[in-house]
Amino acid sequence: MPAITLPDGSVRSFPGAVTGAEIAAAIGPGLARAALAMEVDGVAMDLSREITADARLRFITRKDEAALELIRHDAAHVLAEAVQELYPGTQVTIGPAIENGFYYDFYRNEPFRPDDLPAIEAKMREIIARDAKFVREVWEREEAIEFFEAQGERFKAELIRDLPAGETITIYRQGEWLDLCRGPHMRSTGDIGNGFKLMKTAGAYWRGDARNPMLSRIYGTAWRDNKELEAYLHQLEEAERRDHRKIGKAMDLFHIQEEAVGSIFWHPKGWKLYRNVEAYIRRRQEAGGYEEVRTPQLVDRRLWELSGHWEKYRKNMFIAEVAEEDTMLALKPMNCPFHVQIFKQGLRSYRELPMRMAEFGACHRYEPSGALHGIMRVRAFTQDDAHIFCTEDQIAAETVRFVALLERVYKDFGFESFTVKFSDRPEIRAGSDEVWDRAEAALKSACEKAGVSYTLNPGEGAFYGPKLEFVLRDAIGRDWQCGTIQVDFVLPERLDAEYVTPESGRARPVMLHRAIIGSFERFIGILIENYAGRFPLWLAPVQAVVATIVSDADGYAAEVAQALSAAGLAVELDVSNQKIQAKIREHSLAHVPNIRVVGRKEAETGQVALRRLGGASQEMHSLAGAVALLKAEATPPDLRP
RNA sequence: GCUGUCAUAGCUCAGGGGUAGAGCACUUCAUUGGUAAUGAAGAGGUCCUGGGUUCAAUUCCCAGUGACAGCACCA
């Protein structure tokens, strides 16, 4: 006698085992038509599943956000069926729902190419039109393995073999086709609807491991209806327009060329933007008790051997040799060992701790070619690096202090939201388990004190210690680690850093590796996308253009530009022989935040007209007023009164 | 690094076995026009690099390099 509690609190009792479909039908024909699946005590299930005991039940309809995952998962199954119908002999592997859509990985000799997608998509629509029911079956393990092996599906057979003993093995049929699957699914292929589209092909390693064979992956996007699909496709186009590589070119900020792969040529405007960011960070850090240092680029391998990098990181390091000498130098991939060298000069006292040592450190890392991405992932970059030498007792307070600084900075740059990941001990690591226990515990308690909530990123810590990662999202939806703080008990030991304790003994400092924006290159890339090139005034590389209407005003325009420039603003003067419409258009397209228009009238009255980017109207100011206004608006957030 | 796609003017791109085009940008001339494109003329290319096929290759084939997408990587 199962009693079913519905979301509105009402309870319905049934004489015996009852399926979701039957319950929906009992409630009403409308619901029976709309219900795609159900949640029983919070677990999503097929409508055809029987409920035998009391349960809380919620139906999932198309209106429900939860329908998206079902549609995407079902679409993946239909994709696999379509592919096997069109390309017999292709082996299936796995095909999950993902953010915005789904994919399926196939194994075949010839990988799929973009040209293959239209035919596959057409076949999918055919299968959906067939509206075949999804039928769930429970199979015996051996039976399932034998079946898939007989079909030549060795990947599926492997998957089943690796399922934990005792796990129920379920198969879902749709018409003639079937797949190993945990479910749940909707009622039939027709429930998928038309709001989907195959997007791209790609290679992907079997089980995500580069030592395994490469599979051919097909990505699709799927939504509840065509309108949602169109909206998503439109959003993708919009995101593409914000791409920092496009804007960087259009605004003449930087370029990269073949002879220096992974390194940036910063153009005047891009470098101005860079320096604006740098100056701001420098001021924030100085105010936050950091002292800035500068350390060498090229250092003898002996130091890297001591630090452990030579052993663990060598394949990512650029090496330099000189014919005259029998030495091998390496370009630094990071700054930490060098800061320890500074710490070690002289005898340090506990009184000096915490010592916060900052460097805008230029680092080189040989990143795999496929990893490079615009200015976001490069081989030569500059970190806003700092190392805090402190006692174990100071870890929590320093972490709290750092998180506060980071939040302040992100807010000033316009990022209201970011995610935090806690990465704990990796498989390959330095230091004993006891040391790791302490480091992880210290960082966790610091998170609590700082009120930081995080998701766990197991096994992703640095080899010397656990870390917090602060992640920002770019225009295309990719996540990038920017800020980080990492607890390190290992390097001070390896490089023999110590300080004098109050008892006149010697002790090892703990090192906190930390960065707020991570690297200037990556962070500026994200800034560009976040603002779509329309930077707030304090960051904008060109803050105003003075544009003339007639050449009679050239002299006065120069005076205006001079006055703005003297007030510290980045100003350009446009006295070119063009109509004012053309000038407005040109500078608007270049995202110049302010255009000061000067004609005969202004020259006579000593005024300036201001047209703001995106605005259609103008404001009139006196010259002194105009200077004061822009100067105030261009003040970086940390310098505002 | 792996799989796939791509590489033509400064930029965005079209084209095609007989050494090449558009728009924008650039230069010059005319124009002095009041808030998102004034007009005209001109200049600009080893069609990524190296090999092969061919009477002939920028075009077809192979390799390399680089870019892009995804995967792997990101201490």
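The values are calculated or read from the model by the stated rules, or taken from the named source; none is laboratory data. All figures in this text were calculated on a predicted structure; none of them were measured in a lab. Reconstructed Cβ throughout: ideal geometry from the backbone, glycine too, with neighbour counts over all protein chains shown. Accessible surface areas use protein heavy atoms only, side chains included; no ligands, DNA or RNA. Shrake-Rupley method; radii C 1.70, N 1.55, O 1.52, S 1.80 Å.
Quick notes
- Total residues in the range A:579-610 satisfying the condition of being within 6 Å of RNA strand B (Cβ to nearest atom) and small (Gly, Ala, Ser): the figure is 4.
Yes/no matrix, rows are residues, columns are (1) touching a residue at least 40 places away in the same chain (Cβ under 8 Å); (2) assigned to a helix (DSSP H, G or I); (3) closer than 24 Å to A:ARG224 by Cβ:
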{"position": "A:ALA44", "(1), (2), (3)": "yes, no, yes"}
{"position": "A:LEU57", "(1), (2), (3)": "yes, no, yes"}
{"position": "A:ASP64", "(1), (2), (3)": "no, no, yes"}
{"position": "A:GLU69", "(1), (2), (3)": "no, yes, yes"}
{"position": "A:ALA75", "(1), (2), (3)": "yes, yes, yes"}
{"position": "A:LEU79", "(1), (2), (3)": "yes, yes, yes"}
{"position": "A:GLN84", "(1), (2), (3)": "yes, yes, no"}
{"position": "A:PRO88", "(1), (2), (3)": "no, no, no"}
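- Just one of the numbered conditions (1) within 14 Å of RNA strand B (Cβ to nearest atom); (2) over 23 Å from A:TYR499 (Cβ atoms) is not true of A:GLU325: (1).
- Per-region count, the range A:284-313, residues of a type in the set (Asp, Glu) and within 15 Å of RNA strand B (Cβ to nearest atom): 2
- Some residue of the range A:611-631 being touching a strand residue (DSSP E or B) at 6+ places or on another chain (Cβ under 8 Å), open to solvent by less than 60 Å² (accessible area, probe 1.4 Å) and either near RNA strand B (Cβ under 8 Å from one of its atoms) or acidic (Asp, Glu) (or both): yes
- For the range A:328-350, taking the residues that are without any contact (Cβ under 8 Å) to a residue 40 or more places away in the chain and within 16 Å of RNA strand B (Cβ to nearest atom), the one that is nearest to the chain's Cα centre (by Cα) is identified as A:PRO333.
- So A:ILE171, is it open to solvent by less than 30 Å² (accessible area, probe 1.4 Å), part of a helix (DSSP H, G or I) and β-branched (Val, Ile, Thr): no
- Among (1) out of contact with any Phe, Trp or Tyr (no Cβ under 8 Å at 6 or more places or on another chain); (2) surrounded by fewer than 19 Cβ atoms within 10 Å (Cβ to Cβ); (3) farther than 16 Å from A:GLN383 by Cβ, the one test that A:GLN297 misses: (3)
- Checking the stated criteria, A:ASP488 turns out not to satisfy the condition of being closer than 18 Å to A:ILE517 by Cα and within 16 Å of RNA strand B (Cβ to nearest atom).
- Boolean, A:ARG534 is closer than 30 Å to A:GLU237 by Cα, of a type outside the set (A, V, I, L, M, F, W, C) and within 16 Å of the chain's Cα centre (by Cα): no
- Tally, over the range A:105-120, of residues that are more than 12 Å from RNA strand B (Cβ to nearest atom) and surrounded by 17 or more Cβ atoms within 10 Å (Cβ to Cβ): 1
- Scanning the range A:128-144 for residues that are under 20 Å from A:ASP74 (Cα atoms), open to solvent by less than 80 Å² (accessible area, probe 1.4 Å), more than 38 Å from the chain's Cα centre (by Cα) and not hydrophobic (A, V, I, L, M, F, W, C) gives A:ASP131, A:GLU137.
- Test for A:LEU215: is it in contact with a Pro (Cβ under 9 Å, 6 or more places away or on another chain), farther than 30 Å from A:LYS63 by Cα and in the same structural domain as A:PHE402 (by TED's automatic domain parsing): no
- Search result, residues across the range A:145-168 that are within 19 Å of A:GLY89 (Cα to Cα) and open to solvent by less than 80 Å² (accessible area, probe 1.4 Å): A:ILE145, A:PHE147, A:PHE148, A:GLY152, A:GLU153, A:PHE155, A:LYS156, A:ALA157, A:GLU158, A:LEU159
- Hey, A:MET38 open to solvent by less than 10 Å² (accessible area, probe 1.4 Å) and not assigned by TED's automatic domain parsing to the domain that holds A:TRP223 or not: yes
- Some residue of the range A:424-438 being within 17 Å of A:VAL471 (Cα to Cα) and within 17 Å of the chain's Cα centre (by Cα): no
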